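Down below is the structure, laid out as structure tokens.
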DNA sequence: TCGTTTTTTATGGTATACCATACTGAGCTA
DNA sequence: TAGCTCAGTATGGTATACCATAAAAAACGA
């Protein structure tokens with residue numbers, strides 16, 4: 001009954017703990033580039049902005065820290081991580097290895113029910129493929145990746161692996177605004193995703209794994225290409241917009 | 001000057017935040033089996049035990065949660081995770097993939113300085129190999145794994161990968177008291193580690209990767225064997241001992 | 001004016017207080 | 001006696017207060 005708070009960004013008043021909402025709020029802000037590498041995240045400011053206390057903010061920040069989105073300098077504060085190009089490349093290596101494993105497992109373990117889901121989703125993605133203009137580049141990327149990861153994760157029956165992949169991809173996405181720089185990459189990625197999904201759906205483990213490796217490799221190249229025009233993530237040295 | 005606290009388990013009074021000390025304290029307790037799967041971790045109790053407030057305890061628990069050691073049930077509390085055999089097997093799959101990648105990278109990227117370190121450490125490990133009785137089974141495992149992981153991590157020049165591997169191995173160790181159940185495994189593992197290290201030291205990437213896969217496979221088998229005698233981790237149904 | 005010292009302020013670290021909820025158990029009623 | 005209700009308690013969630021430190025600013029002296 002009592003409620004004197006001016007509504008924060010999130011909508012539902014009843015469910016999950018505030019710390020989770022703050023977590024998603026901040027993470028989303030980082031992913032969308034609103035908080036840039038090197039930015040300081042000041043507990044009191046965030047708390048005041050969101051009309052809450054520091055406690056849930058701190059808890060959200062800790063969670064972000066263990067996912068490497070931010071760093072806590074003891075007695076100093078929290079800053080959005082500065083990620084070097086080398087570090088992103090390291091992650092791409094890990095991604096390649098784990099994605100290969102995931103699609104291989106998916107192809108090996110896929111069952112009838114999941115095949116049905118694949119068929120539905122593949123059809124949906126093919127429709128998107130035909131009419132890619134309906135979605136913006138960003139939404140296209142997000143939507144496709146979401147569906148793809150979900151499917152592979154479900155089929156591979158390895159929840160931990162799925163989580164790790166999602167985390168790593170979020171991480172890469174946050175610190176390399178790829179699709180912003182290489183237009184057309186989203187659509188290309190969609191094609192690659194479809195290749196992988198079809199191979200998985202047909203139980204072709206080796207083929208799926210090959211496609212996956214190629215896919216990650218191309219994503220990496222797109223990142224490398226985009227990163228040459230912008231010397232260091234977070235620095236605004238680059239000429240032109 | 002003021003100091004009315006009865007000393008907590010840790011020794012240094014000055015350095016890192018309390019939350020870190022609590023984190024290592026609880027994690028260590030889980031790794032050593034003091035806190036078993038299913039145990040509830042009650043903030044106030046822990047805080048009282050350690051003569052601190054709930055705040056740093058909560059922060060430590062959140063960190064443990066993001067590493068999957070504990071789960072927070074909303075409005076319910078924190079419990080040490082119950083890990084199923086299947087889940088451990090899932091992690092072994094991931095481990096195999098990442099460990100292969102790590103040793104392959106290590107073999108490819110190793111430099112002169114690191115080779116020198118390898119030579120020193122290999123010699124040390126061979127001495128241990130000759131006189132394994134000097135260390136207990138547990139210490140042997142810990143010591144060897146520590147040195148091994150550190151070397152591979154340094155040589156592979158992929159810090160993120162190194163961290164992930166350490167985390168995953170800790171996780172497996174925490175929820176499968178392997179070495180407790182299969183005596184001799186520690187020494188066997190030492191031999192396998194030495195094989196890998198020598199191959200890496202000599203730049204033999206393929207060989208090192210093969211050894212690594214075999215090593216993880218054997219570790220997995222040791223786990224599976226030990227887990228048949230103890231039906232579910234955390235349940236004390238098993239007869240004997 | 002410049003450098004050094006002191007004071008202020010910003011901010012994270014920790015402790016504590018209060019609130020909400022879910023569980024527990026006692027007591028009441030049928 | 002069985003089942004329900006309600007009060008009490010345990011416990012996590014959040015807010016707030018206080019402390020320590022480091023950075024910034026101001027004041028002071030050479």
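The values are calculated or read from the model by the stated rules, or taken from the named source; none is laboratory data. This one's a predicted model, so the numbers in the text were calculated from it and none came from an experiment. Heads up, the Cβs are rebuilt from the backbone with ideal geometry, glycines too, and the neighbour counts pull from every protein chain shown.
How about segment A:150-180: which of its residues are more than 21 Å from residue B:92 (Cα to Cα) and part of a helix (DSSP H, G or I)?
The answer is A:150, A:151, A:169, A:170, A:171, A:172, A:173, A:174, A:178, A:179, A:180.
Residue B:66 - would you say it is within 16 Å of DNA strand D (Cβ to nearest atom), in contact with a helix residue (DSSP H, G or I) (Cβ under 8 Å, 6 or more places away or on another chain), within 12 Å of chain A (Cβ to nearest Cβ) and modelled with pLDDT under 95?
yes
Name the pairs whose Cβ atoms lie under 6 Å apart, with the first residue in segment B:78-101 and at the interface with chain A (Cβ under 9 Å from one of its Cβ atoms), the second in a loop (DSSP other than H, G, I, E, B), and 6 or more positions between them or separate chains?
That search, which allows pairs on different chains as well, returns B:90/A:158.
Step by step: first the residues of segment B:26-35, then only those that are touching a residue at least 24 places away in the same chain (Cβ under 8 Å) and surrounded by 16 or more Cβ atoms within 10 Å (Cβ to Cβ), then the one that is nearest to residue B:142 (Cα to Cα). Which residue is that?
Ranking the qualifying residues of segment B:26-35, first place goes to B:31.
Can you give me the number of residues within segment B:36-74 that are in contact (Cβ under 8 Å) with a residue 24 or more places away in the chain, part of a strand (DSSP E or B) and surrounded by fewer than 16 Cβ atoms within 10 Å (Cβ to Cβ)?
Residues that pass the stated criteria total 1.
Would you check if residue B:87 is surrounded by fewer than 21 Cβ atoms within 10 Å (Cβ to Cβ), in a helix (DSSP H, G or I) and in contact with a helix residue (DSSP H, G or I) (Cβ under 8 Å, 6 or more places away or on another chain)?
The answer is yes for residue B:87.
For residue A:52, work out the one condition from (1) within 10 Å of another protein chain (Cβ to nearest Cβ); (2) near DNA strand D (Cβ under 9 Å from one of its atoms) it doesn't fulfil.
Against the list (1) within 10 Å of another protein chain (Cβ to nearest Cβ); (2) near DNA strand D (Cβ under 9 Å from one of its atoms), residue A:52 comes up short only on (1).
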